[in-house]
Amino acid sequence: MTTSQPSFRNWIENLPKWHGLVRISPERAYAHAEDQYDAQYGVSAREPEEGQGLCALLQQNQVDTTGPALEIGCGTGRLTYGLAHHYPGSDFVATDPSPAFLRLTASQFPDGPAGPARLHFALLNADDLGQLPPDMFSLIAMRSTLHHILEVEPFIAACARTLRPGGALAMGAEPLESGYLLMAAVAQSIGPTLKAAGIALTPRWRRQLDDFTATVKFYCRRDLVKDTAEDKHLFTTHELADLGRRHGLQLRYFPNATFSDYAPPFAPEFEGFSVFFLNYLQFCMQFDADFMDLIREHLRDQLKYFDECYSSHPGPAITGVFLFQKDARS
Ligand SMILES: C[S@@+](CC[C@H](N)C(=O)[O-])C[C@H]1O[C@@H](n2cnc3c(N)ncnc32)[C@H](O)[C@@H]1O
């Protein structure tokens, strides 16, 4: 940090406030009801292993964690909860554009900060990251958020700028193009497979399938206007690595890993393509329960094939952990 820069505390205390939140960006609601989010995905907002695992991963990779941390797109706090308990630096700013999400996350800390870091809650849209001071944060963390951000390259450039030398941008649960296309291809075989077994798709099931394959196509295409869509992109690891390199960040990719894999005891465990695929249809695409039962039964052999190919290593690459490190000497 240069002497002309504000200290973190000075900077954050001088930002405008809005109903008890720090306001870096104007508030913006999520596209779906925030209070239904955890129920839809069948998850708990309190997954301490996510943040704990991320902190262990940072330590394993010698990331400097002495400065403040910033989380972007905290949602209901699935990553925030463990990070707040385990992040060893001085301050932790959990952010989201949605005030409802920030309040849900804040409600997990009724007694104030849970760990060594002082906790702050701020309205922040990733598009405004360029407003943050340079060399301010040791960690920028996000989970399942990059694919919501319209302009990815300016965002990565802004992260690189506001990271301190030796710091890192860590991302988990982002969708990869190859794996999602594979899921869509398997989904396209559901109709013919059930038909061969004498089962006709109901119009509702047909709509659910078409919705899924059209969604993947929308994410995949790069020639469409995406500013009003909530979810926007699929990624490739080589493009993310190039992007990072262009902005002075070196990428390490951990295929299909989650942050929680790195929580002690270290036991990386990808659930396998079939589990990921079935969970995606059930929780993200909201397929009917009786339709899911038929898919499980009649696509068992096809899905088993993928799992057997990857019985000894994680794949096909469908998601993972991405750790972009900024050189300690930059
Ligand atoms: C799929 S949710 C993930 C929430 C949480 N991180 C989790 O893992 O459960 C995506 C999050 O990104 C936030 N988000 C969407 N667009 C954003 C943007 N442009 N800048 C910052 N956050 C954004 C949403 O409000 C939401 O909280």
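The values are calculated or read from the model by the stated rules, or taken from the named source; none is laboratory data. These numbers come from a predicted model, not from an experiment. Here the Cβ positions follow ideal geometry from the backbone for every residue, glycine too, while neighbour counts run over all protein chains shown. What goes into the accessible areas is simple: the full protein's heavy atoms, side chains included, and nothing from ligands, DNA or RNA. Shrake-Rupley method; radii C 1.70, N 1.55, O 1.52, S 1.80 Å.
Over region 153-303, with the other protein chains present, what is the accessible area per residue in square angstrom, probe 1.4 angstrom?
Ligands and nucleic acids excluded, the figure is 48 Å² per residue.
Helix-only mean residue ellipticity at 222 nm, the chain, DSSP H runs n ≥ 4 weighted -39,500 (n - 2.57), per residue, nearest 500. What is it?
-11000 deg cm²/dmol
Quick one: pull the percent of accessible area on the chain belonging to carbon and sulfur, 1.4 Å probe, ligands and nucleic acids left out.
In the chain, the share of accessible area belonging to carbon and sulfur is 52 percent.
Dividing the alpha-carbon Rg of region 189-302 by 2.2 N^0.38 Å yields what?
Normalised by 2.2 N^0.38 Å, the Cα Rg of region 189-302 equals 1.37.
Tell me the net charge near Leu278. Cut-off is 13 Å between Cβ atoms, Leu278 excluded, with +1 for each Lys or Arg and -1 for each Asp or Glu. Walk me through the intermediate numbers first.
On the way: positive: Arg296, Arg300, Lys304; negative: Glu271, Asp293, Glu297, Asp307.
Summing Lys and Arg as +1 and Asp and Glu as -1 gives -1.
In square angstrom, what is the accessible area per residue of region 24-65 with a 1.4 angstrom probe? Walk me through the intermediate numbers first.
Details: 2210 Å² over 42 residues.
On a per-residue basis, region 24-65 sits at 53 Å².
Regarding the chain, what whole-number volume in Å³ per residue does the convex hull of its Cα atoms give?
137 Å³
Taking Lys304 as the anchor, which lysines have their alpha carbon closer than 29 Å to its alpha carbon, excluding any fewer than eight residues away along the same chain?
Filter leaves Lys195, Lys217.
Hey, could you get me the Stokes-Einstein D for region 84-157, Kirkwood radius over alpha-carbon pairs, 25 °C and 0.890 mPa s, rounded to whole µm² s⁻¹?
This corresponds to a translational diffusion coefficient of 180 µm²/s.
Given the protein chains as shown and a 1.4 Å probe, how many square angstrom of Glu297 are accessible, to the nearest 10?
About 110 Å², ignoring ligands and nucleic acids.
Which Cα, out of Phe259, Ser330, Trp205, lies furthest along the positive dipole direction of the chain (beta carbon charges, K/R +1, D/E -1)?
With unit charges placed on the Cβ atoms, the residue in question is Ser330.
Send over the semi-axes of region 113-223's equivalent ellipsoid, whole angstrom and largest first, taken as the square roots of 5 times the C-alpha gyration tensor eigenvalues.
42, 16, 12
Find the relative contact order for region 1-130 and round it to a whole percent, using C-alpha pairs within less than 8 Å whose residues are 6+ positions apart.
Relative CO of region 1-130 lands at 29 percent.
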